Amino acid sequence: AEDGYELWLRYRPVQSAVDLPQRVVLYDESPTGRAAASELQRGLSAMTGRTVSIDSPVKRGIAMNEDPAEARKKQIVLSRNAQPDPTLGAEGYHIETGAVENHVLVTRISANRDIGLLYGAFAYLRQVQTGQPVRDTTDAPRLKLRLLNHWDNLDGTVERGYAGSSLWDWWRLPDLKSPRYVDYARANASIGINGTVLNNVNARAESLTSPYIVKAAALADTFRPYGIRVYLSVRFSAPIELGGLKTADPLDPAVRAWWKAKADEIYAQIPDFGGFLVKANSEGQPGPQDYHRTHADGANMLAAALGDRGTVMWRAFVYKGEVAEDRHKQAYNEFTPLDGTFAPNVLVQVKNGAIDFQPREPFHPLFGAMPKTPLMMEFQITKEYLGFATHLAYLGQYYEETLSADTFERGQKGRTVAQVISGMAGVANIGTDRNWSGSNFDQANWYAFGRLAWNPHASARDIATEWARMTFTTDARFVRPVVDMMMRSRETVADYMTPLGLHHLMATGHHYGPGPWVDNLSRPDWNPVYYHKADKDGIGFDRTAKGSGALSQYDPLAQAAWANPQSMDERYLLWFHHLSWDYKTRSGRPLWDELVLTYDRGARDAAALQDIWAKMQPYIDAERFEAVSANLRIQAREAKGWRDASIAYFQSKSGRALPAGVAPPD
Ligand code: GCU
């Protein structure tokens with residue numbers, strides 16, 4: 001059944017079948033080499049409909065002598081370089097076709113390490129799947145850390161997860177190693193993901209108890225051949241909760257000793273354990289500030305416990321309700337004074353924007369402002385604020401927008417976000433749903449995240465094209481319109497949820513539907529009204545010097561792009577400026593009209609997705625066609641709901657008539 005389980009690794013028959021190899025020759029027997037050979041065998045047999053063998057060179061020699069027909073079969077060879085090739089690094093690979101041995105054409109995948117062979121095997125298969133001639137290719141990842149962050153709780157629920165329950169069956173681990181874990185690892189390896197944080201950043205101390213370490217070790221054993229290291233989110237107060245200590249003060253010797261012993265215990269079970277992810281002093285989580293210590297004190301203490309065995313990813317998602325300061329400014333204020341004081345194995349993990357994964361955010365001002373600290377980008381793959389798994393929003397286009405933004409770090413042009421980061425983390429959208437991600441198109445977001453973590457300069461459109469060809473069909477009559485639709489889809493969601501730079505307008509708690517009117521929460525900075533500030537005169541959050549001053553946290557050259565409402569990209573307008581309803585926008589229309597028309601366009605574009613998709617029916621299977629159609633129907637209805645509720649609410653503030661031709665809200 002076409003239930004989406006196979007993701008983009010579908011390996012359907014291809015036209016080039018006759019030209020493809022029939023034997024895989026594996027020079028280096030290792031679990032990773034085996035995984036690479038098996039994937040080639042699996043992919044090539046399915047795509048050619050022929051039997052594909054895996055031979056070791058010795059066995060091959062014997063076979064050749066015995067059967068000359070065997071020897072004439074096209075081969076694909078996996079072999080590690082005898083002399084390391086410095087251009088490939090630890091994870092890169094080289095694919096080359098042409099060396100003729102005994103009159104047969106040989107494709108050779110070479111790498112310095114086994115993991116490069118696996119990445120090369122997937123790259124080769126991708127070329128075949130997407131219907132391209134196999135090209136000689138050399139590639140290596142630009143970023144060292146390419147991680148999924150699972151917000152999975154130990155009870156099997158997933159925070160902000162819309163694709164079923166947690167994949168990790170903690171109850172049956174370590175005994176049951178579900179075959180699904182291998183498929184998870186294959187999918188991740190196919191896009192270059194090399195680490196996974198198993199548990200929620202809102203961590204429970206229990207995840208560090210011995211039974212859970214043994215369970216995590218079983219997952220690590222399964223993932224290891226695929227180049228995926230396991231990491232854990234940790235609760236800063238664990239020495240109190242688990243160790244019975246009176247304090248979790250990072251400078252207290254007993255606390256330091258507790259963490260060191262805990263790290264040693266983990267490494268005894270998981271020799272290649274990746275390290276810790278920490279949410280501290282954020283949204284009620286404990287942290288070093290509880291003891292009047294800094295984030296650096298906390299991070300460095302954990303870094304010392306890991307030593308050169310692992311990495312600490314310390315999150316910069318911090319803001320306090322008690323302080324009057326614009327939430328946008330708080331992380332920058334807390335972290336920039338600490339630049340240069342973090343241990344070498346600490347990365348500061350920064351969300352793409354300063355608020356919280358909104359449909360559109362300018363890049364976080366910490367990018368470009370911490371030149372002495374390695375930074376990890378945190379994107380959400382799960383669509384907490386973009387319609388969960390029902391609305392279609394291709395996030396590759398969003399990631400690309402952020403990664404290609406220029407930070408002008410220290411006044412230098414061309415220091416894009418992609419240039420200033422050392423790793424990328426994606427909050428996973430994966431669960432026990434048969435299709436993994438809750439919808440067919442949400443698989444593309446997982447895919448695009450991995451491909452961009454491998455190469456943050458890659459094009460979101462190329463990635464969407466590749467994904468559509470692998471996941472559905474290579475037929476251009478499908479691929480072209482669907483890729484166009486994907487590329488516009490996030491913009492459409494931003495239009496009907498948070499147009500013109502508005503943000504944080506979602507209903508409280510679930511963040512699914514509209515709630516711009518909410519203003520009764522205990523913390524002012526959780527209320528949508530705090531963000532849009534609409535009244536009878538105007539709307540928007542003034543972050544210029546007249547307002548909160550958040551704009552000044554960017555390099556002056558970056559500020560210039562957003563300082564002047566007249567010349568700026570209006571998709572960020574109300575993020576930085578509070579303007580009167582009469583303010584004249586680029587179109588010549590007053591702001592009020594422009595806002596209403598953008599909401600209206602968003603709802604209409606969402607409805608139009610159904611017409612585009614309806615024409616795709618001839619090219620794909622009925623099961624996935626229907627599943628997508630149903631989601632698009634829901635989205636169209638809810639986009640209209642967003643439009644109507646938002647226009648009605650803002651009209652109650654502006655007191656203005658709707659622009660001509662716009663239907664009143666239902
Ligand atoms: C958001 C999200 C929370 C999450 C938090 C975080 O606020 O709604 O569920 O815990 O981000 O990233 O820590």
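Bear in mind that the values in this text are calculations on the coordinates, not laboratory data. Just so we're clear, the structure is a prediction, and the values are computed from it rather than from any experiment. Neighbour counts are summed over all protein chains in view; Cβ atoms, including those assigned to glycine, are modelled from backbone coordinates with ideal geometry.
Here is how the numbers come out for the structure above:
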item: Loop chymotrypsin sites (Phe, Trp or Tyr not before Pro), segment 544-651 (other Cβ atoms within 10 Å of the site Cβ: 15 or fewer; DSSP); result: none
item: Part-to-part distance (alpha-carbon centres) for segment 379-395 and segment 161-190, which is given in Å; result: 21 Å
item: Selected from THR130, ASN527, ALA657, residue furthest toward positive end of dipole (the chain; charges at beta carbon); result: THR130
item: For segment 326-342 and segment 502-546, distance of Cα centres in Å; result: 24 Å
item: Where GluC sites (Glu not before Pro) in DSSP loops with at most 12 other Cβ within 10 Å are excluded, longest remaining stretch of the chain; result: 323-666
item: Between segment 237-294 and segment 581-647, the alpha-carbon center distance in angstrom; result: 47 Å
item: Expected-Rg normalisation [2.2 N^0.38 Å, Cα atoms] applied to segment 145-471; result: 0.95
item: Cα long-axis angle, helix 622-654 against the chain (0 to 90 degrees, to the nearest 10); result: 20 degrees
item: Within segment 458-519: Cβ-based charge dipole about Cα centre, in debye rounded to nearest 20 (Lys, Arg +1; Asp, Glu -1); result: 220 debye
item: Fully extended contour minus Cα-Cα distance, from ASP155 to THR138, at 0.36 nm per residue; result: 1.8 nm
item: Sites matching trypsin sites (Lys or Arg not before Pro) across segment 272-367 that sit in DSSP coil, with at most 12 neighbouring C-beta atoms within 10 Å; result: none
item: Estimated dipole of segment 496-654 in Debye, rounded to 20 [Cβ of Lys and Arg +1, of Asp and Glu -1, Cα centre]; result: 160 debye
item: Charge dipole of segment 496-654 about the Cα centre (unit charges at C-beta), most positive-ward option of ALA607, GLN566, TYR554; result: GLN566
item: Share of Cα-Cα pairs in the chain lying beyond 45 Å, as whole percent; result: 22 percent
item: FRET efficiency estimate (nearest 0.05) - Cβ-Cβ, ARG42 to VAL104, R0 22 angstrom; result: 0.50
item: Count of Lys pairs (Cα-Cα under 16 Å; at least 8 positions apart or interchain) in segment 145-471; result: 7
item: Net +/- balance of residues flanking GLY89 in space, Cβ distance below 15 Å, scoring K and R +1, D and E -1; result: +1
item: Hydrodynamic radius of segment 496-654 per Kirkwood, over alpha carbon pairs, in Å; result: 17.3 Å
item: Contour excess over end-to-end distance, with Cα ends at LYS74 and ASN202 and 0.36 nm allotted per residue; result: 40.9 nm
item: Coil-residue trypsin sites (Lys or Arg not before Pro) of segment 202-255, DSSP, other Cβ within 10 Å capped at 15; result: LYS246
item: Percent of beta bridges antiparallel (DSSP, the chain, rounded to nearest 5); result: 25 percent
item: Total lysine pairs under 18 Å (Cα atoms) in segment 496-654, excluding pairs fewer than 8 apart on one chain; result: 4
item: Inter-label distance, nm, simple model (7 Å from Cα along the C-beta direction), SER580/LEU176; result: 6.6 nm
item: Inter-probe distance in nm under a simple model that places probes 7 Å from Cα toward Cβ, at ARG477 and ASP621; result: 2.1 nm
item: Full-stretch length increase - ARG410, ALA261 - with 0.36 nm per residue and alpha-carbon distance subtracted; result: 49.6 nm
item: Label-to-label distance, nm, for residues given as HIS510 and LEU251 (7 Å Cα→Cβ offset); result: 4.7 nm
item: The chain - charge dipole about Cα centre, Lys and Arg +1 at Cβ, Asp and Glu -1, debye rounded to 20; result: 600 debye
